[in-house]
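Right, one structure below, let's go through it.
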Amino acid sequence: MKEKILVVEDERIIACDIKYCLESHEYIVVEVVAYGEKAISLVEELQPDLVLMDMMLKGAMNGIEAAEIIMNNYNIPVVFLTAHSDESTIKKAKATQPFGYVLKPFEETQLITTIEIALSKHQKEIVMRDELQKEKEMRELKSRFVSMVSHEFRNPLSTILNTTELLANHNQQLTENKKDEYLYHIQNSVKHLNQLLSDVLLVGKAEVHQTQFNRAPLDLEKFCIDLVEEVKLIATEKHQIILKVQGCCSQQEKNSASADIKLPLLDEKLLRHIFTNLLSNAIKYSPQGGSIQFDLFCLQGEAIFRIQDEGIGIPQIEQDNLFDSFQRGSNVGQIPGHGLGLSIVKQYVELHQGEISLISKEGVGTTFIVTIPLE
């Protein structure tokens, strides 16, 4: 399909010639107008691929002024039509950085060639701009990564260094209970570093599509029961994890005389990572304790998981970006974390062709909903 062109020309005969010429080369002329103000409003409405603009228009706004607004506000290329080749006019036109000039009276070949060059140049600029934006985002990502690593590694490493120095220099004066306490801090710090490294590697794998996805029959109800028992080991006495299952996640084999049950094919390892992360977050970001509701609904060929806590919640303005790498709520305070977990979770949900969403209110709590097709 050929590109759409808006023609801005106040001489009717020339405007008709231009329209006929463009349409004979299969371009779509979306409108022909005579005033700069009208051209600007139509650009916003019709979103043409190029504007062919006469420099000298009737009315309060000339073509150069209109072109400047169009290119600055809408990023649409403009080619000037002009019968004026004097240095002063050309200098003003050049300041708007147009994509070409066509002198009147124009030749058909010159007009079409200039338009094709302008469209090609604009397309290349779009590609280059996108690449520069991606490069900028990558630099920002690397910068955030370096900052995160510096911050996240410093605390556990300092803990390890300080406690080992205490054990080495004051071993004789320390009680057995104190030694056990220091060893416990060292072990926790090592676990934290190990988890951080694992998450960084998982993000890297997911981003280059190296994560292995292995489907196998899975009893979802048993999976959830076992998972809750595991997560309870890291919960405090202030937290209560409540599991509720509704509906049947398995079905009887079709055309089977026996009572063979068909289990859904899912990747247990990835599901375990998804819901361990979400349940652990529910505990971590509910420092005052409270109920954590874990619901599984199986209906109409889908498994719907809901994890609801009574924690600190997430500020509304930050919710849209929460699944990006290195993003954390501004209200987390001293609660440890590095902003990688939910990014991995989202990618693992999408590997199952599923969806994840959240509802949260600061100071009230957060609900995550994960929907995964069973067929």
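Values as computed for the structure displayed
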| quantity | calculated |
| --- | --- |
| Only listed residue being in a helix (DSSP H, G or I), on the phi < 0 side of the Ramachandran plot, at pLDDT 80 or above and in contact with a strand residue (DSSP E or B) (Cβ under 7 Å, 6 or more places away or on another chain), chosen from ALA118, ALA168 | ALA118 |
| Verdict on GLU125 being at pLDDT below 85 and loosely packed, with under 14 Cβ neighbours inside 10 Å | no |
| Residue list for region 1-27, restricted to those being in a strand (DSSP E or B) and either within 16 Å of GLU108 (Cα to Cα) or among the polar types (S, T, N, Q) (or both) | ILE5, VAL7 |
| Close pairs (7 angstrom Cβ cut-off, 6 or more residues apart or separate chains): without any contact (Cβ under 8 Å) to a residue 40 or more places away in the chain in region 264-284, assigned to a helix (DSSP H, G or I) anywhere | none |
| Criterion (modelled with pLDDT under 90 and over 19 Å from the mean Cα position of the chain (by Cα)) met by exactly one of GLY365, GLY333, GLY339 | GLY333 |
| Scope region 28-62; condition more than 15 Å from PHE80 (Cβ to Cβ) and either assigned to a helix (DSSP H, G or I) or polar (S, T, N, Q) (or both); matching residues | GLU37, LYS38, ILE40, SER41, LEU42, VAL43, GLU44, GLU45, LEU46, GLN47 |
| One residue from GLY36, GLY63, GLY59 being more than 35 Å from the chain's Cα centre (by Cα), in the same structural domain as GLU9 (by TED's automatic domain parsing) and at positive phi | GLY59 |
| Strands (runs of 3 or more DSSP E) wholly inside region 276-375 that include at least 2 residues being among the hydrophobic types (A, V, I, L, M, F, W, C) and more than 29 Å from GLU140 (Cβ to Cβ) | 290-299, 302-308, 365-373 |
| Subset of region 4-55 [surrounded by 21 or more Cβ atoms within 10 Å (Cβ to Cβ) and among the small types (Gly, Ala, Ser)] | GLY36, ALA39 |
| Residues of region 166-187 that turn out to be under 16 Å from PRO156 (Cβ atoms) and among the β-branched types (Val, Ile, Thr), as a count | 1 |
| Single unsatisfied condition, ASP54 versus (1) at pLDDT 80 or above; (2) over 19 Å from LEU119 (Cα atoms) | (2) |
| Region 359-375 residues that are without any contact (Cβ under 8 Å) to a residue 40 or more places away in the chain, paired with ones that are hydroxyl-bearing (Ser, Thr, Tyr) and assigned to a strand (DSSP E or B) (beta carbon under 8 Å, 6 or more apart) | ILE359/THR366; ILE359/THR367 |
| Cross-chain or 6+ apart pairs with Cβ under 8 Å, region 157-174 first and within 24 Å of LEU193 (Cβ to Cβ), then not aromatic (Phe, Trp, Tyr) and not in a helix (DSSP H, G or I) | LEU166/LEU174; LEU167/LEU174 |
| Among the residues listed as SER147, SER198, the single one being of a type in the set (S, T, N, Q), at pLDDT below 85, over 30 Å from LEU296 (Cα atoms) and in a helix (DSSP H, G or I) | SER147 |
| Of all residues making up region 298-346, the number that are under 30 Å from LYS262 (Cα atoms) and exposed (fewer than 15 other Cβ atoms within 10 Å of the Cβ) | 3 |
| Pick from region 211-235, criterion among the basic types (Lys, Arg) and part of a helix (DSSP H, G or I), ranking: modelled with the lowest pLDDT | LYS232 |
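The values are calculated or read from the model by the stated rules, or taken from the named source; none is laboratory data. This one's a predicted model, so the numbers in the text were calculated from it and none came from an experiment. Positions of Cβ are backbone-derived with ideal geometry, glycine not excepted, and every protein chain shown enters the neighbour counts.
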